[in-house]
């Protein structure tokens, strides 16, 4: 408190003419400050604070004792004793009578209000009883109506259920009849298909044998044709060789005659020139012979390759046809095995077909 008074005195003017009691300022500050209630901790004793005594500053003296420091002296006035509160005056007898009359009138008003409340409560209770009675009547009527509606609904549902069951039975009977018809038609169709497959297998076997015979005849004809072509080509090669040999002989004779003529005409020519001319003539002749031989060999190899290709193609066709015939034969054997199984157990396929169709 003393620190607060010192702070307030420092903040106010230092002159003696405008002195105001600091109790008012402190009271306003305390009135404006929020009241914070500290929670009482366990084990801490509660102590009452001593009563604050208001002191009014009369004078503040400031004195500089050290360099850069100030010293303040606060002189307080004498403490003032608070005024005593005055006791209330004693009421007079007339006032006491008026108070009793007022109390009596208030009691009467209270009783009348209680009577009014009881009457209102009784009317409310009557209304509640009437409402509960009406509610019971309505609930009983609703229960009876609901029971009647449920009975009617149950009878209607039972009739509908019986009609639905009869309809389902008729539909099931029709479905079983259609299933039986379908089974019979399927058996007939399978028999027809089996007969058709057997006929096709027979015709396929006959056609296969006939085709094999035709293919063998064609292969024989082709081999004969190849032999004829080969003999013809060999004869032609021999003819070409004889022609080439004759031409070579003629060329040699012509060359010899030309050489003789040239020797006679060109005796004075250089022997090197003669040798070059002879070499060129021989080279030309050899080149022509080699070209003829290469052409003949190429023709022979091409004919041989074509013959081998044709033979391979015919052999592959025969093998493929035999493979197909083997597949047809296996299918026929499988169908025969299935027919034998169905002949041993005729009832099981019917049950399977009906289950699958259902």
All but one of (1) at pLDDT 80 or above; (2) in contact with a helix residue (DSSP H, G or I) (Cβ under 7 Å, 6 or more places away or on another chain); (3) loosely packed, with under 14 Cβ neighbours inside 10 Å hold for residue 328; which doesn't?
-> (3)
Consider residue 305 carefully, then state whether it is surrounded by 10 or more Cβ atoms within 10 Å (Cβ to Cβ), at pLDDT 80 or above, under 30 Å from residue 221 (Cα atoms) and touching a helix residue (DSSP H, G or I) at 6+ places or on another chain (Cβ under 8 Å).
-> no
Report yes if some residue within segment 205-222 is closer than 30 Å to residue 293 by Cα and in contact (Cβ under 8 Å) with a residue 60 or more places away in the chain; otherwise report no.
-> yes
Residues within segment 331-346 that are at pLDDT 80 or above and more than 15 Å from residue 204 (Cβ to Cβ), tallied | 4
Does residue 256 satisfy the condition of being loosely packed, with under 13 Cβ neighbours inside 10 Å and at pLDDT 85 or above?
-> yes
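What about residue 281, is it touching a helix residue (DSSP H, G or I) at 6+ places or on another chain (Cβ under 6 Å), surrounded by 11 or more Cβ atoms within 10 Å (Cβ to Cβ) and either assigned to a helix (DSSP H, G or I) or modelled with pLDDT of 85 or more (or both)?
So residue 281 fits the description; yes.
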Can we say residue 111 is assigned to a helix (DSSP H, G or I), touching a helix residue (DSSP H, G or I) at 6+ places or on another chain (Cβ under 9 Å) and surrounded by 10 or more Cβ atoms within 10 Å (Cβ to Cβ)?
-> no
Could you tell me whether residue 237 is surrounded by fewer than 10 Cβ atoms within 10 Å (Cβ to Cβ), at pLDDT below 85, out of contact with any strand residue (DSSP E or B) (no Cβ under 8 Å at 6 or more places or on another chain) and part of a helix (DSSP H, G or I)?
-> no
Determine, yes or no, whether residue 201 is over 30 Å from residue 319 (Cβ atoms), surrounded by 10 or more Cβ atoms within 10 Å (Cβ to Cβ), in contact (Cβ under 8 Å) with a residue 24 or more places away in the chain and in contact with a helix residue (DSSP H, G or I) (Cβ under 8 Å, 6 or more places away or on another chain).
-> no
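The values are calculated or read from the model by the stated rules, or taken from the named source; none is laboratory data. The structure presented is a predicted model; accordingly, all values stated were derived computationally and were not measured. Please note: Cβ atoms are built from the backbone with ideal geometry, for glycine as well, and neighbour counts cover all protein chains shown.
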